[in-house]
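The values are calculated or read from the model by the stated rules, or taken from the named source; none is laboratory data. Since the structure is predicted, the reported quantities are computational estimates derived from the model, not experimental observations. A quick note on method: Cβ atoms are made from the backbone with ideal geometry, for glycine too, and the neighbour counts reach across all protein chains shown. What goes into the accessible areas is simple: the full protein's heavy atoms, side chains included, and nothing from ligands, DNA or RNA. Shrake-Rupley method; radii C 1.70, N 1.55, O 1.52, S 1.80 Å.
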Amino acid sequence: SRVVLAMDEVETRIEGLARPIATAHGCELVRAQFRRGKRTAVLTVYLDVLQPEPGEDDEARAAKPFDSASEPVPAPYAGSPVSVDTCAKVSVELGSAIDAEDLVQGRYVLEVSSPGLERPLVRWKDYVRFRGHPVDVRVATDGGGTRRVRGVLAGVRRDAMALAPDPGEPAEGVFGEGCWVPFERVMSARLRYLAAVAAKPGGRNKRGRGAG
């Protein structure tokens, strides 16, 4: 009989398939999400343009508290320039790889998309890249729950990130200036859309696969 993989294992294995395919097309994998439906599963893969790994200078700069008085405030993230054509090509190759590995039981829809204006922050280099940007973070609390925190990504170390108060948010909405949040407590993080910007380039390619 066929073994049905757990959702997180499916996502991990699909990310392993998607990463080299994305790289071959000048992109990097942001994340993969897998949701089982009653009849059709949905697999969404987010791509961004390939970014270099941060160097020592980048790491040292990121660890310093962001100061809007002495540093230029970064422009709002305008979206990824990953094109619809690139999404379509990755979709075809990834869909074939998923089918060859027989990872998803039954029917599924594969969506390959740029990550949108509220881009998830997943890897350490994402945090380094977007230092100084407003973010929305969900952190684990001491009581076993989670707490939503909004602020400016003010610093990034290998083990933690610093959040500074956002002028547009109430003081209790963040931990406080200079407070470092260990990455082990960060459940999820994403950029926060604040200002009107041009419509993001790129798009989504969606197609159904599998048999009922």
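Data for the structure
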item	result
Number of the condition not met by Arg158 [criteria: (1) closer than 23 Å to Tyr46 by Cα; (2) touching a helix residue (DSSP H, G or I) at 6+ places or on another chain (Cβ under 9 Å); (3) open to solvent by 30 Å² or more (accessible area, probe 1.4 Å)]	(1)
Residues of segment 9-25 satisfying the condition of being farther than 15 Å from Ala100 by Cα and open to solvent by less than 40 Å² (accessible area, probe 1.4 Å)	Ala22
Matching residues, segment 95-114, being within 13 Å of Thr44 (Cβ to Cβ) and in a strand (DSSP E or B)	Tyr108, Val109, Leu110, Glu111, Val112, Ser113
Options Asp85, Asp48: the member that is within 24 Å of Val186 (Cα to Cα) and modelled with pLDDT of 95 or more	Asp48
Of all residues in segment 26-60 being free of Cβ contacts under 8 Å to residues at least 12 places away in the same chain and more than 17 Å from the chain's Cα centre (by Cα), the one that is most open to solvent (accessible area, probe 1.4 Å)	Lys38
In segment 61-73, the residues that are in contact with a Lys or Arg (Cβ under 8 Å, 6 or more places away or on another chain) and assigned to a loop (DSSP other than H, G, I, E, B)	Phe66
Members of segment 79-89 that are part of a loop (DSSP other than H, G, I, E, B) and either of a type in the set (Asp, Glu) or open to solvent by 50 Å² or more (accessible area, probe 1.4 Å) (or both)	Pro81
Options Asp142, Asp166; residue that is open to solvent by 50 Å² or more (accessible area, probe 1.4 Å), modelled with pLDDT under 90 and farther than 24 Å from Ala60 by Cβ	Asp142
Of the criteria (1) closer than 20 Å to Val42 by Cβ; (2) assigned to a helix (DSSP H, G or I); (3) in contact (Cβ under 8 Å) with a residue 12 or more places away in the chain; (4) open to solvent by 30 Å² or more (accessible area, probe 1.4 Å), which one Val92 fails	(3)
Asp8, sole failed condition from (1) at pLDDT below 90; (2) touching a helix residue (DSSP H, G or I) at 6+ places or on another chain (Cβ under 8 Å)	(2)
